[in-house]
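Data block below; observations after.
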Amino acid sequence: MPTIIDGKKTSQDIKNEIAARVAEIKTEEGKVPHLAAILVGNDGASQTYVGAKVKACHEIGFESTLVRMEDTVSEEELLAKVEEINENPDIDGLIVQLPLPKHISVEKVTDKIKPEKDVDGFTPANVGRMALNWPAYVAATPYGIVELLKRYQIETSGKHCVVIGRSHIVGSPMSILMARNGYPGNATVTLTHSRTQNLKEIAQTADILIVALGKPEFVTADMVKPGAVVIDVGIHRVEDSSKKSGFRLIGDVKFDEVAEKASAITPVPGGVGPMTIASLLYNTLLAAERKVYG
Ligand code: NAD
């Protein structure tokens, strides 16, 4: 049986560590880290995600502020709100929940966030710093994967890492992080995407396979090298009448058959998913302690 990389437990460990540090900061400085989230509109999934982030803040002793705006809000009003939070010395971190309504430019809003408060790690400044291997806020999902590799002591140096998917929030940063000079890193990285030819043959050569293409159970056992480490980022709901909810979650990897070949694998649910909130909280702690920008 492979090692099951347990994101649920690891994220709880991280939250406990952060909570312990928050208690110390509170005693030392009389202040706790403060995260602000802007939520535009009434999208159900976005409300759930932001709700979970706010709840996690409270669990570990952070202060949080949720700013809700109508989906008719103008770009100018939203930019002005970002600016107001940028200048508020009581707030350490700011996230703007995506997606935004079509009439608002995601680029403009992202670019408005002060890099020092960009705990989602989406601004060009933080993406650039990450690529340069400088202190940076690394985006939640890639950071969560890095932390799983670290805590499970997965050897990455000299290994061939194949990343499937090149999105700005997962695949692309993951390829940079795995190639950089450090741990985890020092891997030889192949970044694959929708135009890649011979994906199966390339995937078969991976010692570490990171899958983030958003296609249910796309990676099958015949694509995986025996002994590979498999990180599944995908999340999909499929109908399942045997469940009370009427659905279950599956990933981009056909778990049962791939698990028989892999040396370690992340499950869905309970793998990469739970790590994202822990990463956001960690970045907010870094922001409160001025650890990235000094
Ligand atoms: P995306 O749709 O932005 O990008 C998908 C990428 O996959 C693209 O770069 C595309 O070129 C590539 N791709 C598409 N078809 C391909 C194919 N046949 N072969 C090779 N590459 C192909 O996706 P994303 O935002 O990176 O998300 C990917 C998956 O991860 C989704 O299922 C998403 O729900 C999930 N996700 C999970 C978390 C988490 O917290 N676990 C976070 C973000 C995304």
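The values are calculated or read from the model by the stated rules, or taken from the named source; none is laboratory data. What you are looking at is a predicted structure, and each value in this text was computed from that prediction instead of being measured. Virtual Cβ from ideal backbone geometry, glycine too; neighbours counted across all protein chains shown. Note: accessible area is taken over every heavy atom of the protein model, side chains too, but ligands, DNA and RNA are not part of it. Shrake-Rupley method; radii C 1.70, N 1.55, O 1.52, S 1.80 Å.
The requirement of being within 28 Å of Val268 (Cα to Cα), open to solvent by less than 10 Å² (accessible area, probe 1.4 Å) and in contact (Cβ under 8 Å) with a residue 40 or more places away in the chain is not satisfied by Val82. Cβ separations smaller than 7 Å between residues 6+ apart or across chains give the following pairs from region 141-152 residues that are free of Cβ contacts under 8 Å to residues at least 40 places away in the same chain to residues that are within 13 Å of the ligand (Cβ to nearest atom): Pro142/Val170; Pro142/Pro173; Pro142/Met174. Note on region 251-261: residues that are among the β-branched types (Val, Ile, Thr) and either within 14 Å of the ligand (Cβ to nearest atom) or at positive phi (or both) total 1.
Inspect region 116-128 for any residue being closer than 14 Å to Val229 by Cα and surrounded by fewer than 22 Cβ atoms within 10 Å (Cβ to Cβ) and give the result as yes or no.
no
Just to be sure, is Ala278 within 20 Å of Tyr152 (Cα to Cα), assigned to a loop (DSSP other than H, G, I, E, B) and hydrophobic (A, V, I, L, M, F, W, C)?
Numbers: within 20 Å of Tyr152 (Cα to Cα): yes; assigned to a loop (DSSP other than H, G, I, E, B): no; hydrophobic (A, V, I, L, M, F, W, C): yes.
The answer is no for Ala278.
Among the residues of region 95-115, is there at least one that is in contact (Cβ under 8 Å) with a residue 12 or more places away in the chain, surrounded by 18 or more Cβ atoms within 10 Å (Cβ to Cβ) and in contact with a Gly (Cβ under 7 Å, 6 or more places away or on another chain)? Among the residues of region 95-115, not one is in contact (Cβ under 8 Å) with a residue 12 or more places away in the chain, surrounded by 18 or more Cβ atoms within 10 Å (Cβ to Cβ) and in contact with a Gly (Cβ under 7 Å, 6 or more places away or on another chain), which makes the answer no. The combined condition, being within 16 Å of the ligand (Cβ to nearest atom), buried (at least 17 other Cβ atoms within 10 Å of the Cβ) and assigned to a loop (DSSP other than H, G, I, E, B), is not fulfilled by Val292. Within region 140-170, the set of residues being more than 16 Å from the ligand (Cβ to nearest atom) and open to solvent by less than 10 Å² (accessible area, probe 1.4 Å) comprises just one member, Thr156.
Once region 1-19 is narrowed to residues that are surrounded by fewer than 18 Cβ atoms within 10 Å (Cβ to Cβ) and either under 18 Å from the mean Cα position of the chain (by Cα) or β-branched (Val, Ile, Thr) (or both), the residue that is farthest from Gly121 (Cα to Cα) is Thr3. Among the residues making up region 20-51, those that are more than 22 Å from the chain's Cα centre (by Cα) and either basic (Lys, Arg) or at positive phi (or both) are Lys26, Gly30, Lys31, Gly41.
Only one of the numbered conditions (1) in contact with a strand residue (DSSP E or B) (Cβ under 7 Å, 6 or more places away or on another chain); (2) at pLDDT below 95 is violated by Ser245, and that is (1).
From Asp92, Asp120, which residue is acidic (Asp, Glu) and under 21 Å from Gly44 (Cβ atoms)? None of the other options fit; the residue is Asp120.
Among residues of region 262-282 being within 11 Å of Ile5 (Cα to Cα) and more than 11 Å from the ligand (Cβ to nearest atom), the one that is surrounded by the most Cβ atoms within 10 Å (Cβ to Cβ) is Ile265. Restricted to region 6-102, the set of helices (runs of 4 or more DSSP H) holding at least 2 residues that are touching a Pro at 6+ places or on another chain (Cβ under 9 Å), over 30 Å from Ala259 (Cα atoms) and not aliphatic (A, V, I, L, M) comprises 44-60. Scanning region 125-155 for residues that are touching a Phe, Trp or Tyr at 6+ places or on another chain (Cβ under 7 Å) and polar (S, T, N, Q) returns a single hit, Asn126. May I ask you to verify whether Lys254 is charged (D, E, K, R), in contact with a Ser or Thr (Cβ under 6 Å, 6 or more places away or on another chain), more than 17 Å from Glu147 (Cβ to Cβ) and touching a residue at least 12 places away in the same chain (Cβ under 8 Å)? So Lys254 passes the test.
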